Amino acid sequence: MTRSQYLGLLQAISVIVPLTIAIRASNNMLLTTIPLLARYNFQFNNTLVGILSALVSLMTFLSSGLINSRLRACTRRIAFIASSATYAAVFPLFWLSSPITIWILSAAAGFVLGFLMPNVITSASLLPDRRTRERLLNIYTLSLSISLILGPAIESLILKYYGLRESFLFFTVFPILALAIAPFVKFPEENMAGDSVVSTSTVISNPGFIAAILNIATYNVVFSFLMAFGGIYARTHLT
């Protein structure tokens, strides 16, 4: 590895790692705590808890799959920074949420999250050297794993002394950190003359795309179920 490649990798790590941990840890906390807040503070039944959790994922799908993927790099950068600011603003409002506003806040949080994580992983793949790029992607994956350990560990400590509402205030540190780092995230340069447009029907009918969707579904369906109802099950049957 040359000196320039080494410095480029270090610079990318200094942005990607804390940003990934900040977004993923807070996102994980959001997805697990919203159902608990809805069930035990607002007395939602299981059906409403499931619909509320599905709403977050639906809004993320809409913003990520239907909007973010169609934006050019310059516009996507603006959307990314604006979404980071909105995420930091919406997150602490769950502390003040009601049975009505929790639907609005959940939809807003899910929507802006669709502009965050896809662009982080895109930024992690922009280094020109293949070997350096693979190292950064491995570090990115490691950061995801660390965040899934760090988030629950921190929240379990918070919940020993405070309630579910207050945990959102403490975790607001993560969205604020993400907002501070967001302007330093790199986006791909556009080649206006060489851009080619691929139709949606071509992508959907591609066997690789179908295989990817099925592989992700085998993970996400179970993961979403555990995120939505795992805490409720634990509190009901294990305490």
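At a glance:
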{"quantity": "Those residues of the range 103-138 which are touching a residue at least 12 places away in the same chain (Cβ under 8 Å) and charged (D, E, K, R), in sequence order", "calculated": "Asp129, Arg131, Arg135"}
{"quantity": "All positions within the range 97-131 that are within 23 Å of Leu19 (Cβ to Cβ), polar (S, T, N, Q) and outside any loop (DSSP other than H, G, I, E, B)", "calculated": "Ser106, Asn119, Thr122, Ser123"}
{"quantity": "Subset of the range 35-59 that is within 17 Å of Ser97 (Cα to Cα) and under 15 Å from the mean Cα position of the chain (by Cα) - its residue that is surrounded by the most Cβ atoms within 10 Å (Cβ to Cβ)", "calculated": "Val56"}
{"quantity": "Test: residue in the range 73-84 that is part of a helix (DSSP H, G or I), without any contact (Cβ under 8 Å) to a residue 40 or more places away in the chain and not small (Gly, Ala, Ser)", "calculated": "yes"}
{"quantity": "Failed criterion for Leu62 (all others in (1) over 20 Å from Ser143 (Cβ atoms); (2) buried (at least 16 other Cβ atoms within 10 Å of the Cβ); (3) aliphatic (A, V, I, L, M) hold)", "calculated": "(2)"}
{"quantity": "Count of residues meeting criterion [more than 15 Å from the chain's Cα centre (by Cα) and surrounded by fewer than 17 Cβ atoms within 10 Å (Cβ to Cβ)] in the range 104-132", "calculated": "7"}
{"quantity": "Residue match in the range 69-78 (condition: surrounded by 17 or more Cβ atoms within 10 Å (Cβ to Cβ), more than 23 Å from Val173 (Cα to Cα) and of a type in the set (D, E, K, R))", "calculated": "yes"}
{"quantity": "Residue within the range 11-34 that is surrounded by fewer than 16 Cβ atoms within 10 Å (Cβ to Cβ), part of a helix (DSSP H, G or I), out of contact with any Ser or Thr (no Cβ under 6 Å at 6 or more places or on another chain) and not basic (Lys, Arg) present", "calculated": "yes"}
{"quantity": "Qualifying position, being among the β-branched types (Val, Ile, Thr), surrounded by fewer than 18 Cβ atoms within 10 Å (Cβ to Cβ) and touching a residue at least 12 places away in the same chain (Cβ under 8 Å), among Ile146, Ile100", "calculated": "Ile146"}
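For (1) modelled with pLDDT under 75; (2) part of a helix (DSSP H, G or I); (3) aliphatic (A, V, I, L, M), each residue gets a yes or a no:
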residue: Ser156; (1), (2), (3): no, yes, no
residue: Leu169; (1), (2), (3): no, yes, yes
residue: Ala180; (1), (2), (3): no, yes, yes
residue: Pro183; (1), (2), (3): no, yes, no
residue: Glu190; (1), (2), (3): yes, no, no
residue: Ile210; (1), (2), (3): yes, yes, yes
residue: Tyr219; (1), (2), (3): yes, yes, no
residue: Thr239; (1), (2), (3): yes, no, no
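The values are calculated or read from the model by the stated rules, or taken from the named source; none is laboratory data. Keep in mind that what you see is a predicted model, and the values were worked out from it rather than measured. Note that each Cβ is placed from the backbone with ideal geometry, even for glycine, and that neighbours are counted across all protein chains shown.
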